[in-house]
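Trainee: Quick one: the structure is below, and I'll ask about it shortly.
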Ligand code: R5P
């Protein structure tokens, strides 16, 4: 039998996933002591069962240690296999040493998860310098793509869309979504000068003035990429853009700032719980876990 556990906060998506895959839901208690240490208690019988824990790895530092306790305890209690379902996989953007002395956290984090789990399932990880997760992870991995679900949402909700990728890296998602949505697309150029300083250049898009621009990116973190793109499109005389992010991280005031920048609707997949979640990936995750 397969049993799915939810890391605290992931219960809603776990229930949806369990409905799709007809697995059992496991009971788990995570206690935080006043001094900041944590204790995991697995309350279901897992002996000889294939189990998974659903835990999105946004804000990963707080979750990493309890996840390690979970995986190691599950093995002590005889779980046949322990899968991590991380709809958002953190630490993928530091994929090289940009400055002397820096840690390449994508590789270190991948070793940590590979040591503790038997397999990993995720949604559209940020692959830039790495071509796939096997270059990083030593355990079997499965990547779920949200492009079909995003294209369906655009088809059902947006009239006459033109898809816009804010930077070269977004080409991989935007081109797929555009193809599936049968819509034209353009990819802009981004220069990042710091965590919250971003410059965007807009190519010739005059022919799309009567379209609805739909920005598509994998991650919305500070939202500066989206905000600068919205502003540039506004200056170019385009309609208010719809902003779609696969992973709605929204650090600090990012969501408010994006709403105030002149963006139209802001939408995300439910890989990270947020009020913008409108595109459901639970069925795709369930299918990936089934094998
Ligand atoms: C980076 O290359 C990613 O694809 C996103 O464009 C980036 O992470 C967005 O970050 P922010 O919201 O902080 O501009």
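The values are calculated or read from the model by the stated rules, or taken from the named source; none is laboratory data. Values in this document were obtained by computation on a predicted structure and should not be read as measured data. Every residue, glycine as well, gets a Cβ built from its backbone with ideal geometry; the counts of neighbours run over all protein chains shown.
Trainee: What number goes with the only condition from (1) within 15 Å of the ligand (Cβ to nearest atom); (2) surrounded by 15 or more Cβ atoms within 10 Å (Cβ to Cβ); (3) within 19 Å of the chain's Cα centre (by Cα); (4) not assigned by TED's automatic domain parsing to the domain that holds residue 98 that residue 130 does not pass?
Mentor: Among (1) within 15 Å of the ligand (Cβ to nearest atom); (2) surrounded by 15 or more Cβ atoms within 10 Å (Cβ to Cβ); (3) within 19 Å of the chain's Cα centre (by Cα); (4) not assigned by TED's automatic domain parsing to the domain that holds residue 98, residue 130 violates only (4).
Trainee: Check whether at least one residue in the stretch 166-173 is within 10 Å of the ligand (Cβ to nearest atom), closer than 17 Å to residue 124 by Cα, modelled with pLDDT of 90 or more and touching a helix residue (DSSP H, G or I) at 6+ places or on another chain (Cβ under 6 Å), and report yes or no.
Mentor: Scanning the stretch 166-173 turns up at least one residue that is within 10 Å of the ligand (Cβ to nearest atom), closer than 17 Å to residue 124 by Cα, modelled with pLDDT of 90 or more and touching a helix residue (DSSP H, G or I) at 6+ places or on another chain (Cβ under 6 Å).
Trainee: To continue, here is another question. Counting only residues that are within 24 Å of residue 176 (Cα to Cα) and either in the same structural domain as residue 19 (by TED's automatic domain parsing) or assigned to a loop (DSSP other than H, G, I, E, B) (or both), which one in the stretch 251-266 is nearest to the ligand (Cβ to nearest atom)?
Mentor: My answer is 263.
Trainee: Continuing with this model, one more query. What number of residues within the stretch 112-139 satisfy the criterion of being closer than 16 Å to residue 216 by Cα and assigned to a helix (DSSP H, G or I)?
Mentor: 0
Trainee: Assess whether residue 272 counts as being within 16 Å of the ligand (Cβ to nearest atom) and not in a loop (DSSP other than H, G, I, E, B).
Mentor: No; evaluated as a whole, the condition is false for this residue.
Trainee: Still on this structure, I have one more. Could you give me the residue pairs with C-beta distances under 6 Å whose first residue belongs to the stretch 176-201 and is more than 23 Å from residue 235 (Cα to Cα), whose second residue is within 11 Å of the ligand (Cβ to nearest atom) wherever it lies, and which are 6+ apart or on separate chains?
Mentor: 177/216
Trainee: Scan 222, 191, 196, 212 and give me the residue that is surrounded by fewer than 24 Cβ atoms within 10 Å (Cβ to Cβ), within 16 Å of the ligand (Cβ to nearest atom), assigned by TED's automatic domain parsing to the domain that holds residue 247 and modelled with pLDDT of 95 or more.
Mentor: 222
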